[in-house]
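The values are calculated or read from the model by the stated rules, or taken from the named source; none is laboratory data. In this text the structure is predicted, and so the values were computed from the model without any measurement. Virtual Cβ from ideal backbone geometry, glycine too; neighbours counted across all protein chains shown.
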Amino acid sequence: MNDDKINENNSEENVPKICRRKFLNTMGNTATGIVLLGGLGVTLDYLKPNVILEIPKEFKVGPIDSIQPNSVIYEPEQKAFVVRDEQGSFYALSAVCTHLGCTTKWNASGIGGNPNAVIACPCHGSLFNKKGELIQGPAQRGLDKFRLRLEDNKLVVNTTEIVSEEEMILKI
């Protein structure tokens with residue numbers, strides 16, 4: 001009978017036991033490794049160059065011979081409309097609503113009870129006519145008008161130079 005007790009004790013001794021000290025050391029080392037890896041990731045992200053791609057302030061549209069009279073070209077990257085009216089003159093308007101900066105949409109068939117072509121803010125309901133003048137709010141003023149010039153048979157729109165209605169039209 002004593003031999004049976006010895007064998008039982010021996011079989012229990014062969015089972016590896018994890019003591020509290022070893023468990024806490026393992027958990028501490030794991031947590032330290034995770035923190036070090038996180039710190040290494042943040043350091044590498046800091047050292048990586050952060051390039052901010054800036055949208056060009058001037059852009060070209062054309063050639064002007066390909067733009068039909070009474071047409072509108074939308075440039076989504078610059079958020080601008082380039083319009084050629086019935087007489088063949090050109091002008092450029094900002095597509096950014098003056099109310100809260102939403103991007104407006106061109107509606108050739110009209111909207112909101114207005115049968116003429118309008119520029120509409122889909123978020124808050126401001127309406128502008130084809131020349132960017134305010135028809136109805138909540139915007140308090142018309143769309144910004146950009147300066148145009150002709151260069152190598154292409155229109156160059158300068159989005160940094162806001163002009164009056166008299167200066168915005170480029171007659172060809």
Practice problem: Among the candidates ILE162, ILE119, single out the residue that is loosely packed, with under 15 Cβ neighbours inside 10 Å, among the hydrophobic types (A, V, I, L, M, F, W, C), touching a Phe, Trp or Tyr at 6+ places or on another chain (Cβ under 9 Å) and closer than 25 Å to ILE64 by Cβ. | Solution: ILE162
Quiz item: Within segment 145-159, restricting attention to residues that are surrounded by 15 or more Cβ atoms within 10 Å (Cβ to Cβ) and polar (S, T, N, Q), which residue is nearest to GLU54 (Cα to Cα)?
Solution: THR159
Self-check item: Members of segment 38-84 that are acidic (Asp, Glu) and touching a residue at least 60 places away in the same chain (Cβ under 8 Å)
Solution: GLU58, ASP65, GLU75
Quiz item: Within the bounds of segment 12-32, is there any residue that is at pLDDT below 75, among the charged types (D, E, K, R) and over 25 Å from the mean Cα position of the chain (by Cα)?
Solution: yes
